[in-house]
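Encoded as structure tokens, the structure appears first; notes follow it.
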Amino acid sequence: MRTAAIQRETKETQISIELALDGKGKAEISTGIGFFDHMLTALSVHSGISMKIKVTGDLYVDCHHTIEDTGIALGQALGQALGNKSGIVRYGTAYIPMDESLAMASLDLSNRPFLVFNCQFTNQSCGEYDLCMTEEFFRAFAFNSGMTLHINLLYGSNDHHKAEAIYKAVAHALKTAVQKNSDGSTLSTKGVL
């Protein structure tokens with residue numbers, strides 16, 4: 001089974017992550033930020049990647065360190081579970097509606113990290129989750145897993161729906177990309193990623 005375990009401790013956060021690519025999307029999430037727990041649960045369930053995430057952070061400051069550091073550790077766990085990235089589909093794209101909102105995510109597990117994030121929110125936050133941290137989370141996640149990630153929010157009016165559509169679009173794109181390919185080869189003209 002393709003799995004990983006990451007422990008990350010700084011003066012700002014203590015993070016423990018267990019990840020299983022073929023784990024059927026079982027989620028045990030506790031970050032201290034209810035809306036972020038909801039989004040990470042959606043990421044796990046919709047990608048089919050089981051995630052056990054426990055975070056203690058300096059929430060008395062704000063949510064920034066907790067969310068960004070979770071992205072760093074989760075990206076490291078994904079990269080570790082994928083190994084040299086041979087034998088996977090590699091690419092994934094998904095359009096996901098959430099009521100009036102529509103988001104698109106397209107990604108490449110290429111070892112060439114990059115983020116394009118074209119999403120606008122109306123409000124500052126959903127609960128204790130600062131919506132500007134959505135971009136920071138996905139930047140940390142993409143750069144620490146070696147993923148090229150493009151996220152576009154095509155439209156929407158409710159910020160909860162917009163954020164949820166974004167997380168679910170990434171999840172469904174990831175679900176496709178991490179699947180094993182038919183012959184176990186590395187999908188690259190170079191022969192390696």
Would you mind checking the pairs K162/K190; K26/K180; K52/K162 and listing those with alpha carbons more than 31 angstrom apart?
K162/K190
When L59, L40 are ordered from fewest to most other Cβ atoms inside 10 Å of their Cβ, what list results?
L59, L40
For Y91, Y167, what ranking results if the residue with the fewest other Cβ atoms within 10 Å of its Cβ goes first?
Y91, Y167
Explain nothing, just compute: Karplus ³J(HN,Hα) = 6.51 cos²θ - 1.76 cosθ + 1.60, θ = phi - 60°, for every residue of the stretch 75-83 in order, whole Hz, x for Gly and Pro.
x, 4, 5, 4, x, 5, 5, 7, x
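Give me the percent of Cα-Cα pairs in the chain that sit more than 29 Å apart, rounded to a whole number.
Values: 3032 of 18528 pairs.
Pairs farther apart than 29 Å: 16 percent.
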For every helix of n ≥ 4 consecutive DSSP H residues, a contribution of -39,500 (n - 2.57) applies; sum these over the chain, divide by its total residues, and give [θ] at 222 nm rounded to the nearest 500 deg cm²/dmol.
-11000 deg cm²/dmol
Search the structure for amide H atoms under 5 Å from the amide H of F117, placed 1.01 Å from N in the peptide plane, and list their residues when 5 or more places away or on another chain.
I151
Go through V170, T41, G146 and say which Cα lies farthest out towards the positive end of the charge dipole of the chain; charges sit on Cβ, +1 for Lys and Arg, -1 for Asp and Glu.
G146
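Since every read-out is calculated from the coordinates, none of them should be taken as a lab result. Keep in mind that this is a model prediction, so the values were computed, not measured. Here Cβ is always computed from backbone atoms with ideal geometry, including for glycine, and neighbour counts include all displayed protein chains.
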